[in-house]
Amino acid sequence: MNYNWDFASVFDNWWALAVGLQGTLRLFAVCLILGMSLGLLVALGRRAHAKPVRWASTGFVEFFRNTPVLVQILWFYYALPILAPVEISPFMAAILGISLNSAAYSAEIFRGGIQSIEPGQWEAARAIGMSGLQTMRRVVLPQAVRRIIPSLTNRGVEIFKMTTLASVVAYVELLQQGKLVASLNFNPLEVYTVVAALFLIILYPIVRATYGLERRLARSD
Amino acid sequence: MPDPILRLSGLAKSFDTNTVFEDVDLDVAPGDRIAILGASGSGKSTLLRCVNLLEIPDAGRIELNGDVVGNPEKSGRARYPERELRELRKRVGMVFQQFNLFPHMTVAGNVAEGLVTVLGQSSGPARERALAELDRVGLRDKADTYPSRLSGGQKQRVAIARALAMDPEIMLFDEPTSALDPALVGEVLGVIEQLANEGRTMLLVTHEIGFAYHVANRIAFIAEGGIYEIGTPDEVLKNPRREKTQKFLAEHRRFQF
Amino acid sequence: MYEWNFAPVFAESGLLLAGFRNTLILTATALSGGLVVGLLLAFARLSHRRWLRLPADLVIEVFRTTPPLVQLFWFYFGLPIVLSVEMTPFMAAGLTFTIQSGAFFAEIFRAGIVSIEKGQWESAKAIGMGHNQLMRRIILPQAVKRMFPSMMERSIELMKTTTLVATVSYADLLFQANELAQKTFRPLEVYTVVALIYFVSISCVSFFAARLEKRFARTGEFSV
């Protein structure tokens, strides 16, 4: 147990980790925006009048929730280019896998939020002559979003953690750069400790904030 | 006067900076039926809950049939080790406002639970005893249903049977009818009256002043952080001597005729 | 138009089957370990003793907030250096996912336990039950029913997370798929079949979980 930790060899390569962190943030931002907005669309699709739209949305949610995201990323990277005449970069494959997966999860969150709004709100909006779309935009969604902010934030944290999976297709992000540094300096223990610490430093404040938010919402409801 | 079953001396309790009561003394003789009245927030439930140490008093002494509970220290503050808490609670029965039946057990299971888990009886005799107690509260035919199928009044009668099964030396009732529909109050009061007639010792926190007059042999009125006035029902309820008792009773009689 | 050809994949289905078996073994190991770890962590977190509560808090928060793939690399490549022991991919994965799912289970247990009404605790105490009896006889039986949906969800998450072990060369379903894709030059068919295997088996689990949940709700023991 008297191992001599040597973090100097990690910090000497801080630029490599910084490049990785930049890749992580870029992937996270894209997947967050795509995943959440697509999720809202799918949630609305599950409430659509047209049956095919409803079935397609439900099928989408079920499929992407019930398969591992790593399988999805690999499918988009290795399998999709065979089907369609497109070049798929590691960045693209990761975006597709993580965004679609997150869209399925956030669709369920949006759906739960919309369902939690009392029927009386719909009736009151109808009673003053609002259309269905207006009611959704002006009355239901603003209330629903407030209630689901903690769950959406949690989903955001999950997306951030998921970005590490892009290392499997050699996308340059934090873990991928960590692997590189570890293989050059033979110091995996220190490198992975630092990488884990970086994730903890970035994500823990957000996690704490959601605890506070949850408590505030629980009190005000 | 015979030795008291329960003796409280110098009992005090506060939450944070808010004093609920201080320096409460009370002797409960065998067969006593003491009704505790008071405005809401006067601390009458807290006092009752201190008796079986669901709330730990800040100071004072509790004696049950001559046994001092816990380890009172010179400062007046007592320490109550887990074993003593359990020993006391075995000997004191409690009935709650919200019944608090165990929803995952049948009615008979609820009544037998303490006999099996706490007193270590085997399940056969425990069930026999549970059925006998259910018989006493008139619910033997409900033995194998789950609490969710019962009315509020029936639930409270099961809760009483559950407390009785432990052969308690004293029974505590914490507003046993406050959560009930008016139509269901009677059946529960009937059971409590029957216990009173059998000579059970009991402390009863209630809002039913008429029932208290009828069933109790002493009334304790709680106000100003302590027992404000105590005496026979005739003394306290018909001829209250002190101002707050009079005001309380006048309030409660306003719509009665 | 691409011509699908599943024949080479089915010819090697034994490879995938072996992988699927390993996926199940790893899931079962981490699940049973994780439930035990989770219950212990939950009790520690609810304890009044600081020296129990603080370490439990730390483990739960760290393992919930860092990516599982980073954890796996740490346990596989890093930990053997400190402990100077050999670590097989299975040991590293079993350890990582036991603690990781334990951290999530702990929060589910804790939430279930504190969701039981105060009156249940009090009436159990009032008939003289001690803390352990009260937990075992009154609180946990009710809490487990309430926790069941989140437990199933987390178990399914665990099964999906086990795919990460392919990166440290444990021969799970995904690892075998990678091998097979290289061997047959049929990545489209291989990854499609593997995605379907996961989809079907996970859908089956959620279907039966939902059925069980309904059964629990019907027994009428839920409300007081």
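Worth pointing out:
- Tail fraction, Cα-Cα pairs, region B:24-90, threshold 13 Å, whole percent: 68 percent
- Taking N as its residue count, the alpha carbon Rg of region C:66-224 over 2.2 N^0.38 Å: 1.40
- Whole-number percent relative contact order across chain B, with pairs defined as alpha carbons under 8 Å at least 6 apart: 24 percent
- Candidate lysines for bridging to B:Lys13, where Cα separation is under 27 Å - those fewer than 8 sequence places away on the same chain excluded: B:Lys44, B:Lys74, B:Lys90, B:Lys244, B:Lys247, C:Lys118, C:Lys125
- Kirkwood Rh (inverse of mean 1/r, distinct Cα pairs), the protein assembly as shown, angstrom: 30.0 Å
- Theoretical FRET efficiency, 1/(1+(r/R0)^6), r = Cβ-Cβ of B:Ser9 and B:Glu224, R0 22 Å, to 0.05: 0.75
- Taking both sides together, the accessible area buried where C meets A is about 3500 Å² for a 1.4 Å probe.
- Accessible surface of chain A, 1.4 Å probe, proportion on carbon and sulfur as whole %: 64 percent
- In this simple spin-label model, placing a label point 7 Å from the Cα along the Cα-to-Cβ direction at both A:Glu87 and B:Asn239 gives a separation of 10.7 nm.
- Inter-part distance where region A:60-121 and region B:130-198 are each reduced to a Cα centre, Å: 56 Å
- Convex hull per residue volume in Å³, alpha carbons only, for region C:110-193: 116 Å³
- The distance separating the Cα centre of region B:101-128 from that of region C:28-78 comes to 37 Å.
- Once backbone amide H atoms are built at 1.01 Å from N, B:Leu6 has B:Val28, B:Asn65 as its partners under 5 Å, excluding neighbours fewer than 5 places away on the same chain.
- Values of log10 I(q)/I(0), in the order q = 0.17, 0.18, 0.19 Å⁻¹, for region A:25-174 under a Debye, Cα-only, solvent-free model: -0.95, -1.03, -1.10
- Our helix-only sum for the protein assembly as shown, with -39,500 (n - 2.57) per DSSP H run of n ≥ 4 divided by its residues, gives a mean residue ellipticity at 222 nm of -19500 deg cm²/dmol.
- Placing a label point 7 Å from the Cα of C:Val144 along the Cα-to-Cβ line, no residue of region B:134-154 has its backbone N under 16 Å from it.
- In percent, rounded to a whole number, the relative contact order of region A:25-174 is 32, using alpha-carbon pairs under 8 Å and six or more apart.
- Cα-Cα P(r), region B:23-142, percent of pairs per 10 Å interval: 11, 34, 32, 20, 3, 0
- Measuring max minus min along each principal axis, the C-alpha atoms of chain B give extents of 52, 52, 38 Å (largest first).
- The candidates A:Trp15, C:Trp121, arranged from most to least accessible area with a 1.4 Å probe in the full protein assembly, appear as A:Trp15, C:Trp121.
- Straight Cα distances below 12 angstrom link C:Lys160 to the aspartates and glutamates C:Asp172, with same-chain residues fewer than 8 positions distant left out.
- Computed with a 1.4 Å probe over protein heavy atoms only, the accessible surface of region A:92-218 comes to 42 Å² per residue.
- Just so you know, the averaged projected area of the alpha carbon convex hull for region C:1-40 sits at 4.2 nm².
- In range of the label at B:Asp167: residues from region C:115-131 whose backbone nitrogen is under 18 Å from the point 7 Å along Cα→Cβ: C:127-129
- For region B:198-257, the spherically averaged projection of the C-alpha convex hull amounts to 4.5 nm².
- Computed on chain C, with alpha-carbon pairs under 8 angstrom and 6+ residues apart, the relative contact order is 30 percent.
- Whether region A:127-221 is rounded, prolate or oblate, judged on the alpha carbon gyration tensor where a/c under 1.5 counts as rounded: oblate
- Interface B:C - total buried accessible surface [probe 1.4 Å, Å², rounded to 100]: 2200 Å²
- Each part gets one Cα centre, and for region B:1-80 versus region C:101-134 those centres are 27 Å apart.
- For region C:42-145, the fraction of alpha-carbon pairs in successive 10 Å shells from zero, as %: 14, 33, 28, 16, 9, 1
- Kirkwood hydrodynamic radius of region B:133-257, Cα pairs, Å: 16.0 Å
The values are calculated or read from the model by the stated rules, or taken from the named source; none is laboratory data. Since we're looking at a predicted model, the values are computed, not measured. In this analysis, Cβ positions are derived from the backbone assuming ideal geometry, glycine residues included, and neighbour counts consider all displayed protein chains. We work out accessible area using only protein heavy atoms, side chains counted, and drop any ligands, DNA or RNA first. Shrake-Rupley method; radii C 1.70, N 1.55, O 1.52, S 1.80 Å.
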